[in-house]
1. Quick one: what pairs do we get from segment 93-117, first residue surrounded by 14 or more Cβ atoms within 10 Å (Cβ to Cβ) and among the charged types (D, E, K, R), second part of a helix (DSSP H, G or I) and modelled with pLDDT of 95 or more, C-beta under 6 Å, 6+ apart or different chains?
2. Which of (1) in contact with a helix residue (DSSP H, G or I) (Cβ under 8 Å, 6 or more places away or on another chain); (2) part of a loop (DSSP other than H, G, I, E, B); (3) basic (Lys, Arg) is the odd one out, the single condition Lys130 does not satisfy?
3. Is segment 224-244 home to any residue that is outside any helix (DSSP H, G or I), in contact with a strand residue (DSSP E or B) (Cβ under 9 Å, 6 or more places away or on another chain) and modelled with pLDDT under 90?
4. Enumerate the pairs (first residue in segment 120-148 and without any contact (Cβ under 8 Å) to a residue 12 or more places away in the chain; second residue anywhere and buried (at least 21 other Cβ atoms within 10 Å of the Cβ) and not in a loop (DSSP other than H, G, I, E, B)) with beta-carbon separation below 9 Å, excluding pairs fewer than 6 apart on the same chain, so at least 6 apart or on different chains.
5. Identify, from the list Thr71, Thr10, the residue that is β-branched (Val, Ile, Thr) and out of contact with any Cys (no Cβ under 6 Å at 6 or more places or on another chain).
6. Kindly indicate whether any position in segment 192-213 is in a helix (DSSP H, G or I) and in contact with a strand residue (DSSP E or B) (Cβ under 6 Å, 6 or more places away or on another chain).
7. Could you grab me the full set of residues in segment 133-163 that are among the hydrophobic types (A, V, I, L, M, F, W, C) and either under 30 Å from Asp76 (Cβ atoms) or part of a loop (DSSP other than H, G, I, E, B) (or both)?
Amino acid sequence: MDDTPYTLITGASSGIGRETAIRLSKSSRLVLHGRDADRLEETRRLCENADAHLCWPMDLRQVDRIEAALTGLMQDHGIRVRGFVHCAGLLKVAPLRLLDPQAALESINVNLLSAVEISRLLVRRKLNEKALGGIVFVSSTASQFGARGFSIYCASKGALDACMRALAVELAPDVRVNAVLPGAVRTAMTEHMFADPELMRRMAADYPLGLGEQADIAAAIEFLLSDNARWITGQQLVVDGGRTVNISG
């Protein structure tokens, strides 16, 4: 068994997940999750000490398969997981009248239920002993506000935040559980918004500190996993350049 603890990052094949992986690889061994094995391998090669990290290709829409897949990976490699970062996310924009129930369920599986399932597995002593110490869910400021066509995304992120608070109480004092709520940063999931110059201009005007970078979110995640946040649990850390407090109109 490998006594060196790992940090598991879902959604590590791109965006905030990849940026977080690169940042955390300086101080931790990683289990890198993503749906695309090739892009996941690209992330691994971008990390420091690339050979020390493991890749876990998995489609989180299939929540019922997570237990067998994650258990097999951890047992095959004899590893324990100390930190869990849920960066995986699915955003499908659709007005209510065009909402597809199957697509809605897939979003809920990826954004919420897979995070719950992985957390459940990592607190099992038989699988992970008592190694887990910190969980960070990457939520969204969409959990606090509404937007046209975002009903399922907002609902799934709102539920994720509520789950975070409940788990923070349930798993204390052994495990701290927090959420990071990013504002607008450019990722593959938000590329359609950033591709519209007029929309981007309007968005930027609402952010007192300007639009953010993926590194800003990764830094917040790193902080919440660190001992510097040892007395912080059950919190929503909004990282949005002041957008949510801006009522200037």
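1. Pairs found: Glu117/Val63; Glu117/Ile66.
2. Against the list (1) in contact with a helix residue (DSSP H, G or I) (Cβ under 8 Å, 6 or more places away or on another chain); (2) part of a loop (DSSP other than H, G, I, E, B); (3) basic (Lys, Arg), Lys130 comes up short only on (1).
3. No: segment 224-244 contains no residue that is outside any helix (DSSP H, G or I), in contact with a strand residue (DSSP E or B) (Cβ under 9 Å, 6 or more places away or on another chain) and modelled with pLDDT under 90.
4. Ala147/Tyr153
5. Just a single option satisfies the conditions, and that option is Thr71.
6. First, the residues of segment 192-213 that are in a helix (DSSP H, G or I): 192-194, 197-205.
Right, trim to in contact with a strand residue (DSSP E or B) (Cβ under 6 Å, 6 or more places away or on another chain) and you get none.
No, segment 192-213 has no match at all.
7. Within segment 133-163, the first condition is being among the hydrophobic types (A, V, I, L, M, F, W, C), and the residues that meet it are 135-138, 142, 145, 147, 150, 152, 154-155, 159-160, 162-163.
Selection gives Ile135, Val136, Phe137, Val138, Phe145, Ala147, Phe150, Leu160, Cys163.
Residue-by-condition table, conditions (1) of a type outside the set (A, V, I, L, M, F, W, C); (2) farther than 25 Å from Arg120 by Cβ; (3) out of contact with any helix residue (DSSP H, G or I) (no Cβ under 6 Å at 6 or more places or on another chain); (4) surrounded by 16 or more Cβ atoms within 10 Å (Cβ to Cβ):
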position: Ala159; (1), (2), (3), (4): no, no, no, yes
position: Leu167; (1), (2), (3), (4): no, no, yes, yes
position: Gly183; (1), (2), (3), (4): yes, yes, no, yes
position: Pro208; (1), (2), (3), (4): yes, yes, yes, no
position: Leu211; (1), (2), (3), (4): no, yes, no, yes
position: Ala218; (1), (2), (3), (4): no, yes, no, yes
position: Leu224; (1), (2), (3), (4): no, no, yes, yes
position: Gly242; (1), (2), (3), (4): yes, yes, yes, no
position: Val245; (1), (2), (3), (4): no, yes, yes, no
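The values are calculated or read from the model by the stated rules, or taken from the named source; none is laboratory data. Small disclaimer: the values here were computed from a predicted structure and weren't measured. Don't worry about glycine lacking a Cβ; one is built from the backbone with ideal geometry, like all the others, and counts go over all protein chains shown.
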